[in-house]
Amino acid sequence: GELIIWKKDELSEESKTLYQKSTHNGVIFSVSYDEDYHGIVTASDDRSIKVYRPNDSFSELKELSQLFGHTSRVFVCKIIKYNEEVKFISAGEDSNICFWTENGTLQSKKNISASGGIWDLDYDLKNNRIVTSSSTGKLNQFLLDKIFHEVYSQEVISTREHVEPSKLIYLENGTLCAIDSRTQIYTKMSTNNQWIKVEHPYISQKIVAMDVFKNRLFLAVKSSILIFDYSQIYEKLNFTFELNV
């Protein structure tokens, strides 16, 4: 239940703790920071998400709100910007996706009962849509315009049979990256339905974290970080280099 913020010391290889505090009455499953909003959201098995505003040095956090709308563990939360407005999205074990306004009002709640518990989700800013992964092994895609107007449909997408995508993340160009139950990486462009497997010998190892910056993908495996860049020419991710940590 502790939220910890580190910063690498510029004069050494050591990292120092800027902030450390117990913020939830249970395990924290998700932490998301948005630079434009300058805010942090966390999701926990205490069935809530919390919103914080850090000071400029990140040594202090002000808790802005604690939001309750789920009936079970909350596995993931995100800060997004939709129609120039800040929104919070959360999802979890109860198969619900909750959409919150910046002031903490529950704006919309959708139950995807056929999908089981929702493990992960991400937001595609370019195309105003979200995608979720679930315990059934399927991905579900939603257009935010339809969700907020109460007329919505979900498109079921998946990598292939018997594969359970667990982690999802969008590149800036709208390309979706997914890790499946076999620790394989697949990408899917927003313009077609074709999935492309990303090849690299170290991907067979356990992937402990995945993140992006613009159109660059970072994979943390064992004692190194693998970095891939998206090629517009070949329309796929290419391995760039490895950072040993």
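The values are calculated or read from the model by the stated rules, or taken from the named source; none is laboratory data. Here the structure is a predicted model, which is why all the values come from computation and not from measurement. A quick note on method: Cβ atoms are made from the backbone with ideal geometry, for glycine too, and the neighbour counts reach across all protein chains shown. The accessibility values were calculated without ligands, DNA or RNA, using every heavy atom of the protein model including side chains. Shrake-Rupley method; radii C 1.70, N 1.55, O 1.52, S 1.80 Å.
Things to note:
- Screening Thr132 against (1) open to solvent by less than 10 Å² (accessible area, probe 1.4 Å); (2) within 13 Å of Ser48 (Cα to Cα) leaves a single unmet condition, (2).
- Single residue of the range 53-66 satisfying the filter (in contact (Cβ under 8 Å) with a residue 24 or more places away in the chain and not in a loop (DSSP other than H, G, I, E, B)) that is surrounded by the most Cβ atoms within 10 Å (Cβ to Cβ): Leu61
- Considering residues of the range 113-146 that are assigned to a loop (DSSP other than H, G, I, E, B) and small (Gly, Ala, Ser) only, the residue farthest from Phe75 (Cα to Cα): Gly137
- Among the residues making up the range 201-245, those that are among the polar types (S, T, N, Q) and either on the phi > 0 side of the Ramachandran plot or open to solvent by 40 Å² or more (accessible area, probe 1.4 Å) (or both) are Ser204, Gln205, Asn215, Ser223, Gln232, Asn238, Thr240, Asn244.
- Residues (without any contact (Cβ under 8 Å) to a residue 40 or more places away in the chain, part of a loop (DSSP other than H, G, I, E, B), under 19 Å from Arg53 (Cβ atoms) and open to solvent by less than 100 Å² (accessible area, probe 1.4 Å)) located in the range 4-36: His24
- Considering residues of the range 164-185 that are open to solvent by 20 Å² or more (accessible area, probe 1.4 Å), more than 12 Å from the chain's Cα centre (by Cα) and closer than 17 Å to Gln141 by Cβ only, the residue modelled with the lowest pLDDT: Glu164
- Residue satisfying condition, being closer than 30 Å to Leu18 by Cα and small (Gly, Ala, Ser), within set Ser134, Ser72, Ser108, Ser44: Ser44
- Residues that are open to solvent by 30 Å² or more (accessible area, probe 1.4 Å), without any contact (Cβ under 8 Å) to a residue 24 or more places away in the chain and part of a strand (DSSP E or B), drawn from the range 67-100: Phe68, Glu85
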